[in-house]
Each structure stands twice: as structure tokens, then as C-alpha cells.
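The block underneath contains the structure these notes are about, expressed in C-alpha cells.
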Amino acid sequence: MEPLATIQALISRHGHAAGMPSPLEGVRLIAQSTPTAATSGIHEAAFALVVQGVKRTVIGNKVLEYGAGDYLVVPVELPVVGQVVEAGIEKPYLAFVWALDPASIAALMLEIDGASSGMGRQAGPAISPAPYDLLDPIARLLRLLDRPEDARFLRPMLEREILWRLLAGAQGDIVRQIGTADSRISQISRAIREIRTHYAESLRIEDLATVAMMSVPTFHRHFRAMTSMSPLQFQKQVRLHEARTRIIASTKDVAAVGFEVGYDSPSQFGREYNRFFGVSPGKDMRRLRGTSRDE
């Protein structure tokens, strides 16, 4: 059986619509039998392989659509909007998502002298077709779900092989930078952590550039290349994601939530929330909390 067909069969058996964690640490297996509405969230650095169906991912102003056998490497924590656009009962959407560990990448790079073979120069998220040499170790890794007694011994070797194939592949330069402490991705990651920690505060681009150890023009250029948005657009999306989380989890009113995430004006909060999520925060709050009172 071809590795893609093997992966399809294994995810069909072990996957979940919600993409719950699998017994393999860091791996999520998604099996979705219907198309979904666009949903937003902040995603960690990860490798995502579509095995069946079609997924659309929006990162900043970049729209990425990928199908069976295509993969995406997300290099840093990013606000993204994702939507399954092709799925059915007979042919569900299937995907393999693996969190990328910078320490594991760095350790492998030390052993293989930089892993420079075959690397491209992509700076941000992009779609690439997965070759046989990458699909094959993924299929062997997922077979361990049916043989858990083997996982302790075989899993580390298979994960190293997958990382090597990623490093040597079309998006190898992105993967390499994830594991390099002084890389552009690592520098931008420091600025992203600063934004996520202080998202409710007024942030100066000069201060973020200092955190990233770059000049302001260089910081702007690399931040946009890796995230497909400006630092201020990134901060706005983080604020809105956090606001939606609070709307679901707290009993506070919409205006209070807006103030908590950094908006001085309830009307501005309402406009930007509506523009981003396609619904007013008040209506969204009632829907998410299970009530139906009209505005």
C-alpha cells in the first residue's frame, strides 16, 4: 500500500473531528466528515499534512489552500483562520498535525552539519507537495498506534527521520530556522512573545524591533514575511482572539471584555470584532453562551 493510502486508513481509524491529542505526543489526527465554517485561533509552530479533502488557511493577507498530499510548515505562533472546504461522509477530511520542537531540530542539525541540502529560501508559511520519502516515515510512525509496545523504541528514530526529510525538503530553510537560536524566525518569535504577553498595552514598533535585535525596517520586513501581517495587525488579531475566549469563559459584558483586551472605545471594539469574526460581539456572546435574546 502506498504511504498516503496507509496514512489515510490509520487516521480514519484513530482520528477525531476535534483533532484531540493522540497517544503519540505532539501529534493530532483530524478526521472531519463535513465542511466547516471558518474558525480562528492562535497556532503553534507545526507541520500539517492534509491526507484527504481540502483545507483553506488564512494567515494575515495570505490565503493558502491545500489538498491530499500537500503540507504546510507554520514557523511561529500565528493567529490563523482555518476552514475545511472539502469533506464528506464517504470521503472525510483527514489531516496529520505535528508540533515542531526547536530543541529536537537543533539537536539533529548539530549531527548533520547544518542540514543545508535541498533547502529553499521561503521566509513564511507556504504549501508544498509531500514526497514519498516524507510520507513513508509518517506512515510508519502512525502504525505505532496499533502497536504501542513498539512505540518506546521506534518512535524517536521515526521522528528524527521525519525531521530530516523536512530539513532536506522544499521548506527546509523554515524548519532549520525554527531550530536555530539566532535565526530570523527565533528573533521574530521573541517579538511575538512580547506582543502576546503585552497585547492589551500600547506597543511601540521600536521596542519590538529592539526585542528582536533588528533595525525597525528589517524587523518590519521579516515580521511581515513570516506572519503575512504587520506587528500592529498581529496585535489586533491577538486581542480579538483573546476577547472571544473571554466572551466564552467569563460572565462580564461586552464592553468590559473590550476594555480588558486593550480597547478604549466600545464602538471601535465592536467594529473590529464584527469585521474579523463576521458577527457583533454581543450576538456572538449570546450564541457562544447558549442564549438567544435579540440585540
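Is there a quick way to get the dipole size of the stretch 221-291? I mean about its Cα centre, with the Cβ of Lys and Arg at +1 and of Asp and Glu at -1; what is the value in debye to the nearest 20?
I would put it at about 240 debye.
Could you tell me, in Å, what Rg and Dmax come out for the Cα atoms of the stretch 234-288?
Computed over the Cα atoms of the stretch 234-288, radius of gyration and Dmax are 9.6, 27 Å.
Given the options P137, F276, L64, identify the residue whose Cα lies farthest towards the positive end of the charge dipole of the chain (+1 on Cβ of Lys, Arg; -1 on Cβ of Asp, Glu).
Value: F276.
Can you tell me which of A68, A107, A200 moves the most in a GNM of the chain? Springs connect C-alpha atoms under 10 Å apart.
Answer for the Gaussian network model of the chain: A107.
For the stretch 184-232, what is the charge dipole size about the Cα centre, in debye to the nearest 20, if Lys and Arg each add +1 at the Cβ and Asp and Glu each add -1 at the Cβ?
Using only the charged Cβ atoms, the result is roughly 220 debye.
Using just the alpha carbons, could you tell me how many Å³ per residue the convex hull of the stretch 184-232 encloses?
Output value, Cα hull per residue: 61 Å³.
Take A17 and R143, extend 7 Å from each Cα along the Cα→Cβ direction, and tell me the distance between the two endpoints in nm.
Those two pseudo-labels are separated by 3.2 nm.
Any chance you could give the angle, 0 to 90 degrees and rounded to 10, that helix 231-249 forms with the longest Cα principal axis of the chain?
The angle comes out at about 80 degrees.
Helix-only estimate, please: 222 nm mean residue ellipticity of the chain, summing -39500 (n - 2.57) across DSSP H runs of length 4 or more and dividing by its residues, to the nearest 500.
Rounded to the nearest 500, the figure is -14500 deg cm²/dmol.
Which of the peptides 14-23, 145-154 is most tightly packed, and how do the rest follow, judged by the mean count of other Cβ atoms within 10 Å per residue?
Highest-to-lowest ranking by the protection proxy: 14-23, 145-154.
Using the Cα centre of the chain as origin and beta-carbon charges of +1 (Lys, Arg) and -1 (Asp, Glu), tell me which of P217, G172, F96 is placed farthest towards the positive end of the dipole.
Result: P217, furthest along the dipole toward the positive end.
Of G262, I248, Q235, which is farthest on the positive side of the dipole of the stretch 234-288, counting Cα position, with +1 on Lys and Arg Cβ, -1 on Asp and Glu Cβ, and the Cα centre as origin?
The one lying farthest along the dipole's positive direction is I248.
Simple spin-label model, 7 Å along Cα-to-Cβ: K62 to T210 in nm?
About 2.9 nm separates the two model spin labels.
Under a point-charge model restricted to the Cβ atoms of Lys and Arg (+1) and Asp and Glu (-1), what is the dipole moment magnitude of the chain relative to its Cα centre, in debye to the nearest 20?
680
Which order do peptides 211-219, 233-241 fall in by mean Cβ count within 10 Å, highest first?
Output ranking for 211-219, 233-241: 233-241, 211-219.
Report the Stokes-Einstein translational diffusion coefficient (µm² s⁻¹, integer) for the chain, Rh taken as the Kirkwood radius over Cα pairs, at 10 °C with viscosity 1.306 mPa s.
For the chosen part, D equals 78 µm²/s.
How large is the convex hull of the C-alpha atoms of the stretch 1-132 per residue, in Å³?
Convex hull of Cα atoms, per residue: 122 Å³.
All of the numbers you see were taken from the coordinates with simple rules; none came from a lab. The model shown is predicted, which means the values in this text are computed figures rather than measured ones. Note that each Cβ is placed from the backbone with ideal geometry, even for glycine, and that neighbours are counted across all protein chains shown.
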